[in-house]
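See below for the structure under consideration.
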Amino acid sequence: MDHPVTRRFLLAGSGSLLLLSGCSVTTTLAPIETGSATDMTDAALPMVNSLRRKKGLSSLFSDPVAANAARDQAIRMARYGRMSHDLGSDRTFLARMKRMKVPLPAAENIATGQDSTEEAVTAWIRSKKHLDNMLGPFSGLGVAVASNAGTGNRPFWAMVLSNTPPRFPFRA
């Protein structure tokens, strides 16, 4: 016995499955060497601290934990070839900060395309949200840049602001 309703349902279901099978997303990561990010904290720190002093805020210190987290994020963005806070297996900023052992609360600024630390920091200063991060209640700073030939050698920048307690002596 032929049931037209059942046959239409099966045909519609088969068509939907066929349509969905074409929707799978595969992200191919461009190869990037481990350690190919450059720590730019020492170059960024005087600019950020000058900005903070003008606003009557305390200076940040160079935080190796935040620098490591910034390096990790810059490498991720260079590998994926796109700027985002949520890339890779961690999927969220909070998960990444916890994995990298950055004391919370923390903040992150990201950028792409700037050819120098000064250009990256200036771009962040011109963005209210990024500026608010740099003027926030943080103690430590880490900045890194990475690029990747597989994604066009475009520089990807990451700044992590932390609440890591300063270890003396520290560089401000």
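For Lys128, the lysines whose Cα comes closer than 24 Å to its Cα, not counting residues fewer than 8 places off in the same chain, are Lys54, Lys55.
Using a simple spin-label model with pseudo-atoms 7 Å out from Cα toward Cβ, Met83 and Thr38 lie 1.9 nm apart. Placing dummy labels 7 Å off each Cα toward the beta-carbon, the span from Thr122 to Leu94 is 3.7 nm. Here segment 29-172 is treated as an ellipsoid with the same Cα gyration tensor; its semi-axes, largest first and in whole Å, are 24, 16, 13. Computed with the Debye formula from one identical point scatterer per Cα of segment 74-147, without solvent, the log10 of I(q)/I(0) at q = 0.13, 0.19, 0.21, 0.27 Å⁻¹ comes to -0.40, -0.89, -1.08, -1.46.
Under a 5 Å amide H cut-off, with hydrogens placed 1.01 Å from N, Arg154 pairs with Asn148 among residues at least 5 apart or on other chains.
Which distance in nm do the two modelled labels at Ala149 and Asp115 give, with both placed 7 Å along the Cα-to-Cβ direction? Computed distance between label sites Ala149 and Asp115 equals 2.1 nm. Listed by Cβ neighbour count within 10 Å, with the fewest neighbours leading, Val65, Val160, Val121 appear as Val65, Val121, Val160.
What the phi angles of segment 65-77 give under the Karplus curve with 6.51, -1.76 and 1.60, with θ = phi - 60°, is a coupling list of 5, 5, 5, 5, 5, 5, 4, 4, 5, 4, 5, 4, 5 Hz, glycine and proline written as x.
The numbers here are math on the coordinates, done by the rules we state, and not lab data. Everything numeric in this text was worked out from a predicted model, so none of it was measured. Don't worry about glycine lacking a Cβ; one is built from the backbone with ideal geometry, like all the others, and counts go over all protein chains shown.
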